[in-house]
Structure formats: C-alpha cells, structure tokens
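See below for the structure under consideration.
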Amino acid sequence: MIRIGVIEDEARMREEVCRYVEKTAGDFAEIQCRVYEGAERFLEENSEYEILILDIRLPGINGIEQGRILRERGKDTKLLYLTSYAEYAAESYLVEASQYILKESMDRRLPDILQRMISKEIEQKKDYRIVGIKRGKKKLFYREILYIQKASKGGKYVEYVTMDETYRERIALGKLLEELSDPRFMLVDRGHVMNVQHIERMENGVIYLTSGEEFPVSRVQLAKVKHQILEYLEGV
C-alpha cells in the first residue's frame, strides 16, 4: 500500500491535484489517497504517508514549517511541494523536499514526477523480512527497522526494533546479517546492528538515532562503521 496525502486550502486546486493523483494511481495497485485543507489536521492525526503533495502557502502552519515538523518527528515522507512562487524553492530543499513544482507547470510535470515517486516507493517496499507475530506473520520492511539487537545471552534470538513495536525472530545475529546482505545495516558492537537510514548523526564514537536513542560504537568497529556510512550516503 502506497499512501499519498494532499494538503491544499484552495478547493479548485485540491480537485485538480486529486485528478492528477487518481489518473496516475490508476497505473498502480494499492494506492490510497487522502485530502486535507490544512496542515493542522494532518499533523494532529500523525498518520503515516509515503508521499505528501502540499502547497507551500497554507493558512496557519505553512508547507515549509510542516516539512520541518515532519523531519523533527523522524518521518521520511517524500515531500512534493506545489506553489505559485519560485522564490520558495531554496526553502523547500532545506526540509529535504523530493520535488518542487510551480503550479503553472503542474499539468506538464506533476504526472511524470508522481509516477516516478510511486514507482520508487513500490520498489523500496519489496525490501522486507517475514517475521512471526501472535496473529500470524508480518511483512517487516527494512526501512521501518531502527536497529536489530540480540535478544538473549545464548544468541538464539534477535529483536527488530521499530518506532512502534519490537519483533522477535529465532536466528543468530551473524546469520541474519548474512541473509540481509544490505548496506543499510551496520554492526556497531557484538549485539547491535543499526539501520543507517535512521542515523541522525555520529559524534565522538556515539550514534544518535532519529528515535532519540544513543549507541556507542565499539572501538573495533568504529573505522568500519564510519566507512560504511560514507559509502551508503555516496550511493544514495
């Protein structure tokens, strides 16, 4: 499921954007779209969206401010800004906007850009691991995992820690790393593996996650971790 949010205070523009979304979404399965008239209601719900199409000039909390709030909350939602004013372009990139489109060129650019963004999200969502839960099985997407840790002294179980929940699997940590074989996951000590996508910064050998948690890197792993983070960022 790819969830798309649209935030636009002008009714005519809302309808126009929704038409483009519906037309583009018709080429894909499992697309869900919801519309908001302002940022306040959207932020109150604290819902998860993969893509957010929003106007920059909104009443109350504007689009740029909303982008900053989402980043502060650790959301990696792709932001697609629409505006009539080109001077806001620089500001939109300060909140890691994926795209910036002038409304006058929306009919030409929005369909192609939206299609590429949806395609990329679908590809990313293929990266997952099946884990057992009380009610059966769950697809745990790699991008949702903050870190992985040993769950027992014997090393028979690992725990996948996400923003909302922790999941357990019977597998040795070393074996799991071999199976994942993914540059996003880095061993920082004998019992913890970090997801580089959720690293906010690293200072003095300590990793700070977007969740607010801190993990010291072992001296043995420090040089390797620094190199792995740099390699991943250069490849993004």
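The values are calculated or read from the model by the stated rules, or taken from the named source; none is laboratory data. What you see is a predicted model; the values in this text were computed from it and never measured. Note that each Cβ is placed from the backbone with ideal geometry, even for glycine, and that neighbours are counted across all protein chains shown. SASA here: full protein model, heavy atoms, side chains in, ligands and nucleic acids out. Shrake-Rupley method; radii C 1.70, N 1.55, O 1.52, S 1.80 Å.
Quick notes
- Counting only strands (runs of 3 or more DSSP E) that sit completely within the stretch 140-223, those holding 3 or more residues that are β-branched (V, I, T), at pLDDT 90 or above and within 18 Å of D127 (Cβ to Cβ) correspond to 157-162.
Rundown of residues vs (1) of a type in the set (S, T, N, Q); (2) at pLDDT 90 or above, yes/no style:
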{"residue": "D9", "(1), (2)": "no, yes"}
{"residue": "F28", "(1), (2)": "no, no"}
{"residue": "E45", "(1), (2)": "no, no"}
{"residue": "N62", "(1), (2)": "yes, no"}
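- Across the stretch 194-210, the qualifying residues are those that are buried (at least 17 other Cβ atoms within 10 Å of the Cβ) and among the aliphatic types (A, V, I, L, M), and the one among them that is farthest from L176 (Cα to Cα) is M202.
- Selection from the stretch 224-236 of residues that are of a type outside the set (K, R) and in a helix (DSSP H, G or I): V225, H227, Q228, I229, L230, E231, Y232, L233, E234, G235
- Tallying residues that are without any contact (Cβ under 8 Å) to a residue 40 or more places away in the chain and open to solvent by 60 Å² or more (accessible area, probe 1.4 Å) within the stretch 213-236 yields 12.
- Every test in (1) charged (D, E, K, R); (2) touching a helix residue (DSSP H, G or I) at 6+ places or on another chain (Cβ under 9 Å); (3) free of Cβ contacts under 8 Å to residues at least 60 places away in the same chain is passed by R135 save one, and that test is (2).
- Of residues in the stretch 21-67 being of a type in the set (F, W, Y) and closer than 16 Å to L79 by Cα, the one surrounded by the most Cβ atoms within 10 Å (Cβ to Cβ): F42
- Filter result for K156 (open to solvent by 70 Å² or more (accessible area, probe 1.4 Å) and either closer than 30 Å to D27 by Cβ or in contact (Cβ under 8 Å) with a residue 12 or more places away in the chain (or both)): yes
- Among residues of the stretch 89-121, those that are modelled with pLDDT under 80 and over 17 Å from I7 (Cα atoms), counted: 6
- Test: residue in the stretch 179-189 that is closer than 23 Å to Y128 by Cβ, among the aliphatic types (A, V, I, L, M) and surrounded by fewer than 17 Cβ atoms within 10 Å (Cβ to Cβ): yes
- For the stretch 136-153, the candidate set comprises residues that are farther than 28 Å from R73 by Cβ and not polar (S, T, N, Q); within that set, the residue that is least open to solvent (accessible area, probe 1.4 Å) is G136.
- Cβ pairs under 7 Å, 6+ apart, first in the stretch 41-69 and farther than 20 Å from I2 by Cα and assigned to a helix (DSSP H, G or I), second among the hydroxyl-bearing types (S, T, Y) and open to solvent by less than 20 Å² (accessible area, probe 1.4 Å): G63/Y81; I64/S92
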